[in-house]
Amino acid sequence: MKCRKCRHPDTKVLESRESKDGMTIRRRRECQNCSERFTTFEKEDEQPLQVVKKDGTREFFDRNKIMRSLSVACQKRDVHVRDLTSVVDWIERNISQSEEKVATSTAIGEQVLEALRSLDSVAYVRFASVYRAFSDPEDFAEELRRLSQNPNRNALPDELVRTTSR
Ligand SMILES: [Zn+2]
């Protein structure tokens, strides 16, 4: 970390503290050359989140990919982009809180279903039909039965829980 005053490359860390969001480290630094003191906010080197696909191969977790399938499922439905972002945030949080920072694509698909079940029933059935690759009408009927059961709301963050009165 270069000194912001004299550009000297060596600075000493006087103090480190995790910021409120837990994502950045606040460091108080002192230049070894001119003794200028300054504060930096540094992002920790995070282990990248990974997804294990059905065929066993891995790929990096991609927020945009989930956002795209959510957008397709919610097309022309009364679901706010903010809600979709919350779904993706929630899924990302779940993976980052896991020990290995890995989730299976199946687990992610189930979480998307859980969230959509609370947000919008049409979007839910649309996503399920693609995700579960429905091949006959009985599959739809089965999914509609699931829909009528209570979602597992305990698993969802508050911002994704919709009351039945809505
Ligand atoms: Zn300096």
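Each value in this text was obtained by applying a stated rule to the coordinates, not by laboratory testing. Because the structure is a prediction, the values reported are computed rather than measured. No Cβ is skipped: glycine too gets one built from the backbone with ideal geometry, and neighbour counts run over all protein chains shown.
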From the cross-link list Lys53/Lys76; Lys5/Lys101; Lys54/Lys76; Lys5/Lys65; Lys12/Lys53, which pairs have alpha carbons spaced over 32 Å apart? Lys5/Lys101; Lys5/Lys65; Lys12/Lys53
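Across every pair of different alpha-carbon atoms, what Kirkwood hydrodynamic radius in Å does the range 50-160 reach? Don't skip to the end; give the middle numbers.
Numbers: mean 1/r = 0.0691 Å⁻¹.
Here the Kirkwood hydrodynamic radius works out to 14.5 Å.
How much net charge surrounds Cys74 when only the other residues with a Cβ under 10 Å from the Cβ of Cys74 are counted, with Lys and Arg +1 and Asp and Glu -1?
Numbers: positive: Lys76, Arg77, Arg126; negative: Asp78, Asp83, Asp120.
Local charge sum for Cys74: 0.
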Please work out the Cα center distance from the range 1-52 to the range 70-133, rounded to the nearest Å. 35
Total charge of the residues flanking Cys31 in space, meaning their Cβ is under 10 Å from its Cβ, with Lys and Arg +1 and Asp and Glu -1, is +4
The local net charge around Val112, scoring Lys/Arg +1 and Asp/Glu -1 for residues other than Val112 whose Cβ lies under 13 Å from its Cβ, equals 0
Can you tell me the orientation of helix 105-119 relative to the chain, as the angle in degrees between its alpha-carbon axis and the longest Cα principal axis, to the nearest 10? 70
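Subtracting the Cα-Cα distance from 0.36 nm times the residue separation, let me have the gained length for Ala107 to Leu147 in nm, one decimal. Don't jump to the answer; show the numbers that get you there.
Values: separation 40, 0.36 × 40 = 14.40 nm, distance 1.81 nm.
Gain in length upon complete extension: 12.6 nm.
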Ranked from fewest to most other Cβ atoms within 10 Å of their own Cβ, Arg37, Arg7, Arg29 fall in the order Arg7, Arg37, Arg29
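Given the rule -39500 (n - 2.57) for each run of at least 4 DSSP H residues, summed and divided by the residues of the chain, what is its mean residue ellipticity at 222 nm, to the nearest 500 deg cm²/dmol? Kindly include the intermediate steps, with their values, before the conclusion.
Values: 5 runs with 66 residues, N = 166.
Computed ellipticity for the chain at 222 nm equals -12500 deg cm²/dmol.
Cut-off is 10 Å between beta-carbons; in what order do Ser135, Ser19, Ser86, Ser105 appear when sorted fewest neighbours first?
Values: Ser135 7, Ser19 11, Ser86 18, Ser105 15.
Going from sparsest to densest Cβ surroundings: Ser135, Ser19, Ser105, Ser86.
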For a quick check: sort Tyr124, Tyr131 by the number of other beta carbons within 10 angstrom, fewest at the front. Tyr131, Tyr124
Taking Lys20 as the anchor, which lysines have their alpha carbon closer than 17 Å to its alpha carbon, excluding any fewer than eight residues away along the same chain? Lys43
